[in-house]
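Engineer: Next up is a structure, given as structure tokens.
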């Protein structure tokens with residue numbers, strides 16, 4: 001039986017696909033800053049996002065490697081540029097993404113005046129994150145973050 005034809009593609013596949021066990025979990029703190037312009041006032045936010053990236057489990061042998069990206073915005077606060085009010089945001093963004101050399105994630109996050117009632121109307125900001133990975137190890141090699149107002153809705 002000639003196994004050469006079957007063995008060569010299998011060796012090539014294994015040499016270009018990182019093994020799940022070889023992928024490295026990474027946790028970094030990334031500074032976040034940006035002004036969310038809008039009414040009733042513009043708000044300048046600053047703080048850090050805690051980003052954790054780890055390999056995702058896969059049930060399918062030979063599947064492309066995926067990473068679970070968790071972003072904790074709990075250390076982000078804002079200051080109203082007109083009133084000086086303190087604004088808070090928070091929450092956890094968690095996504096499963098394909099492992100690629102560079103990735104961009106944008107997420108809408110709510111924010112509120114600190115101490116506002118639980119039924120108070122909040123506003124939203126868009127958090128943008130750019131990541132670079134070492135695709136051999138899965139390690140996060142760099143991360144950048146920014147915060148801005150959502151784009152206005154298109155006119156009809």
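Engineer: Note down the nm distance, to one decimal, between modelled labels 7 Å out along Cα→Cβ at residue 95 and at residue 142.
Structural biologist: Label-label distance for residue 95 and residue 142, simple model: 2.0 nm.
Engineer: Along the Cα-to-Cβ line of residue 108, 7 Å from the Cα, sits a label point; which residues in region 122-156 have backbone N less than 13 Å from it?
Structural biologist: 122-127, 149-154
Engineer: Could you compute the FRET efficiency for residue 70 and residue 39, with r as their C-beta to C-beta distance and R0 at 30 Å, rounded to 0.05?
Structural biologist: 0.40
The numbers here are math on the coordinates, done by the rules we state, and not lab data. Computed from a prediction, not measured in an experiment: that's the story for all the values here. Positions of Cβ are backbone-derived with ideal geometry, glycine not excepted, and every protein chain shown enters the neighbour counts.
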